[in-house]
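Taking it in order: structure first as structure tokens, then the write-up.
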Amino acid sequence: MSKFKDIKKIIIEKPLKLDCGQTINNYPLAYETYGKLNGNRSNAILIFHALTGDQFASGINPITKKDGWWSYALGPGKAIDTDKYFVIAANVIGGCMGSFGPSDINPESKKPYGTNFPVITINDMVNAQYNLLEYFKIEKLFSVIGGSMGGMQVLQFVSNFPNMALTAIPIACTASHSAQNIALNELGRQSIMADRNWQDGFYEEQNKQPDKGLAVARMAAHITYLSKAGLQEKFGRKLQERDDLKFSFDADFQIESYLRYQGSVFVDRFDANSYLYITRAMDYFDLTKKFGGNLSKAFEKSDTKFFIISFTSDWLYPTSENRDIVIALNAIGKNVGFVEISSDKGHDSFLLDIPDFLKTVKYFLNTSYKQIK
Amino acid sequence: MKKEFYNIAKLVTQNSKVLDVGCGNGELMKYITENISKDIRGIELSKSNVQKCVEKGLTVIEGNAEKDLKQFPDGSFDFVILSQTLQAFLNPENVLNELLRVGKKAIVSIPNFGHWKVRLHLLLKGTMPVTKNLPNEWYNTPNLHMCTIKDFENYCKKRDIKINLKNLKFHNFFSELGIFVLEK
């Protein structure tokens with residue numbers, strides 16, 4: 001797509017066999033980098049984005065003109081200090097920020113793939129991004145870091161490439177997508193597919209956009225990123241620019257107006273089919289499946305030092321699921337730290353300015369970096 | 001740093017694999033990291049203490065020793081340290097068993113209820129002893145299972161736990177603290 005012509009990308013020639021059975025090659029992978037790679041190439045960090053993130057983790061996103069999604073955590077002097085580390089972030093395949101995705105043109109039909117795009121998995125995403133290490137000639141990453149779906153990619157990465165990262169920080173994630181989370185994702189997908197403009201996924205060739213469906217999907221998902229206490233504190237029953245109820249279905253309450261706004265801005269930057277494909281990838285994620293239900297086995301060959309972080313009010317990827325990863329690592333004597341950060345900001349906490357969280361990341365990285373020097 | 005911590009650290013072999021159970025603000029872990037072994041981790045319950053460990057750059061697992069020790073495989077650490085918290089667990093016997101399962105050796109310290117000041121306090125005042133090592137009143141003490149050095153020795157003998165002891169009688173009277181290396 002032309003709006004992506006100035007962004008960085010590599011074309012990956014090497015065929016990638018996807019979990020669904022199809023093989024892709026010559027596909028684009030869009031990325032961004034922050035900081036400088038040092039002389040012995042030992043300061044590289046690969047960060048993985050969440051469902052609606054992209055490669056523009058910090059600074060101003062050139063497409064949306066908004067702050068990058070991890071601006072609080074990533075940048076000069078910040079928790080992931082770009083004065084020190086060389087950070088690579090890629091847009092996942094299936095995404096809509098320049099990497100191979102459902103809105104790309106299918107060279108055979110000369111039309112956007114739409115729902116003819118292959119179903120991809122977290123494993124596929126990670127395997128595609130692995131090519132960036134070859135591109136940058138990095139033999140070993142200093143760290144792999146990500147929250148939410150990004151955390152799932154961290155776990156998958158270490159499992160697939162057990163000795164390619166010295167440290168790993170999976171944040172607010174899970175090793176196996178829960179029934180509740182599959183249900184919530186399905187709600188979002190059904191909302192998109194119920195929009196008449198979705199057209200079985202071939203909306204682009206008809207110049208239509210399932211904006212309503214995508215906005216409702218985002219609104220529902222947005223609630224799951226917050227906590228009850230956080231919502232109550234921020235909005236309570238406050239009314240939106242009115243003195244009393246209007247006895248209508250207008251957005252009387254501030255929370256309604258807020259959600260509508262979140263939905264409306266989301267459709268400007270995100271593709272509905274990408275939303276379907278990426279949520280599907282999350283639902284299919286179960287790192288234990290290949291290992292007969294034993295998560296420890298996924299990490300058996302790895303020497304990566306882990307630090308796992310969860311948040312008290314995160315009910316989407318609760319502490320218990322993060323702790324399961326800690327338990328699996330401890331069970332095989334791997335090096336792992338774990339902290340549950342106090343926050344009433346829900347799952348979204350990992351994107352926000354939560355000092356204890358940011359400090360935890362910073363100290364873990366800096367201490368580990370000192371040890372390798 | 002507390003004198004107790006120097007004494008505990010002295011018992012840890014160079015470059016061994018260590019777990020500090022109830023590691024508090026990480027003071028002992030930091031000392032061991034810098035002087036004896038980098039391969040050390042802690043478990044701590046209190047969120048504020050966990051943050052203090054994080055700020056010291058230590059590897060800490062937020063958790064509850066009473067529940068979380070079971071996730072470690074047998075003999076996965078050369079030393080497991082438990083400093084002055086045994087008496088605060090609901091089930092200290094279970095914790096001791098876990099320490100000796102997870103660690104090849106366990107270093108355990110206990111506040112000694114047999115110290116002469118404690119004995120004198122109870123004898124003369126007739127109230128529950130409050131000393132430097134036992135600063136709380138009976139109604140707010142976290143210490144559920146107080147014992148003396150002698151009690152602890154008797155327990156280890158009964159359970160076939162190897163315990164290093166010298167001049168026990170003397171220590172039971174004059175030490176405010178007992179520090180032991182245990183082995184199953």
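Give A:K301/B:K56; A:K5/A:K111; A:K228/B:K52 a once-over and call out the pairs whose C-alpha atoms are over 27 Å from each other. In this structure, A:K301/B:K56; A:K228/B:K52 lie more than 27 Å apart at Cα. Remark: region A:281-298, residue by residue, has Karplus-estimated 3J(HN,Hα) of 4, 5, 4, 6, 6, 8, 5, 7, 4, 5, 10, x, x, 9, 4, 3, 5, 5 Hz, where x stands for each Gly or Pro and the curve is 6.51 cos²θ - 1.76 cosθ + 1.60 at θ = phi - 60°. Near B:D20, the amide H atoms lying under 5 Å from its own belong to B:R41, B:G42, B:I43, B:I81; only residues 5 or more places off or on other chains count, and H is placed 1.01 Å from N.
A crude spin-label estimate for the pair A:D353 and B:N35, with each label 7 Å from Cα along the Cβ direction, gives 4.1 nm.
Extension gain for A:K370-A:I223 works out to 48.9 nm (0.36 nm per residue, less the C-alpha to C-alpha distance). All other residues with a Cβ under 11 Å from the Cβ of A:I182 taken together, and with Lys, Arg as +1 and Asp, Glu as -1, what is their net charge? Result for the local shell: -1. Mean sequence separation of contacting Cα pairs (under 8 Å, at least six apart), scaled by the length of region A:182-279, corresponds to a relative contact order of 30 percent. The relative contact order of region A:283-355, computed from alpha carbon pairs under 8 Å that lie at least 6 residues apart in sequence, is 33 percent. Each label point is 7 Å from the Cα along the Cα-to-Cβ direction; what then is the distance between the points at A:A183 and B:K104, in nm? A separation of 4.9 nm, rounded to one decimal place. Among A:S264, B:S16, the order by Cβ neighbours within 10 angstrom, fewest to most, reads A:S264, B:S16. Beyond 23 Å, what percent of the Cα pairs of chain B remain? It works out to 41 percent of all Cα pairs. With the simple spin-label model, which puts each label point 7 Å out from Cα in the Cβ direction, the B:K125 to A:L231 separation comes to 5.4 nm.
Per Stokes-Einstein, at 25 °C and 0.890 mPa s, what whole-number D in µm² s⁻¹ belongs to the protein assembly as shown, with the Kirkwood radius over Cα pairs as the hydrodynamic radius? Estimated diffusion coefficient is 94 µm²/s.
Normalised by the number of residues in chain A, the average gap of Cα pairs under 8 Å and 6 or more apart makes the relative contact order 18 percent. Among B:V102, B:V60, A:V92, a tally of other beta-carbon atoms within 10 Å of each Cβ gives an order, fewest to most, of B:V102, B:V60, A:V92. Put in line by how crowded their Cβ is, counting other Cβ atoms within 10 Å and starting with the fewest, B:E176, A:E300, A:E241, B:E44 read A:E241, A:E300, B:E176, B:E44. Across region A:101-111, rounded Karplus estimates of 3J(HN,Hα) from the backbone phi angles (6.51 cos²θ - 1.76 cosθ + 1.60, θ = phi - 60°) give x, x, 8, 5, 7, 6, x, 6, 8, 6, 10 Hz, Gly and Pro being marked x. Can you compute log10 of I(q)/I(0) for region A:182-279 with the Debye formula, treating each Cα as one identical point scatterer, at q = 0.17, 0.19 Å⁻¹? Computed log10 I(q)/I(0) values: -0.79, -0.92.
Read-outs throughout are calculated quantities, based only on the coordinates presented, and are distinct from any laboratory measurement. Please read these numbers as outputs of a predicted model, since none were measured by experiment. Every residue, glycine among them, receives a Cβ derived from its backbone with ideal geometry; neighbour counts consider all protein chains shown.
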